Amino acid sequence: MNIYLICGIILLALVIMMSIVNKGKHQNGVVIEDHHHDDDSSECCGKHDVCEKQRLVDAKLNGAHYFEDEDLDKYKGIEASQYSDTDIEEFRYVMYTMQPEEVMEWLESLNAREIELPNELKEEAFAIINESK
């Protein structure tokens, strides 16, 4: 009889541990994926688009860093497809005046400030990011 009691306690403990682990992977009903890195750095490995997307989400939570681009705040809430040619050139000018390795952080800043990058610049931005790796 004692063996059944011990097995039951172990089984209950396993169920509780699994529940705790799964609860940590959910936030507001959304599954949060675990991305393990080979080292302890917080840098993304650069091999997965998921890393860049996660960085954008993290930036929104952590706040914005400005790149002398405060003028872009006027575009908050405007959809990426709604910019005029003049607006697009304003974004392009800012993007090309920074160091290539800063572009990802700039995109994170825009995301945190709820400013969408014009559709016409998205491929250019990610090309710059990929070249700087």
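Here the 3J(HN,Hα) profile of region 121-131, calculated from phi with Karplus coefficients 6.51, -1.76 and 1.60 at θ = phi - 60°, is 9, 4, 5, 4, 4, 6, 5, 4, 4, 5, 5 Hz, Gly and Pro shown as x.
Annotation: the residues THR86, THR97, sorted from fewest to most other C-beta atoms within 10 Å of their own C-beta, follow the order THR86, THR97. Taking amide hydrogens as placed 1.01 Å from N in the peptide plane, the amide H of ILE78 sits under 5 Å from those of GLU116, each at least 5 positions away in sequence or on another chain. Applying 1/(1 + (r/R0)^6) with R0 = 30 Å to the Cβ-Cβ distance of TYR96 and LYS76 gives a FRET efficiency near 0.85. Karplus-derived 3J(HN,Hα) values for region 64-80, using 6.51 cos²θ - 1.76 cosθ + 1.60 with θ = phi - 60°, are 9, 10, 8, 10, 6, 10, 4, 4, 6, 4, 5, 8, 4, x, 8, 5, 4 Hz; glycine and proline are entered as x.
What the phi angles of region 92-107 give under the Karplus curve with 6.51, -1.76 and 1.60, with θ = phi - 60°, is a coupling list of 4, 4, 4, 4, 8, 8, 9, 5, x, 6, 8, 4, 4, 5, 5, 4 Hz, glycine and proline written as x.
None of the figures in this text is laboratory data; all of them are computed from the coordinates on show. Given the structure is predicted, the values throughout are model-derived calculations rather than measurements. Quick reminder, even Gly has a Cβ in these numbers, built from the backbone with ideal geometry, and neighbours come from all protein chains shown.
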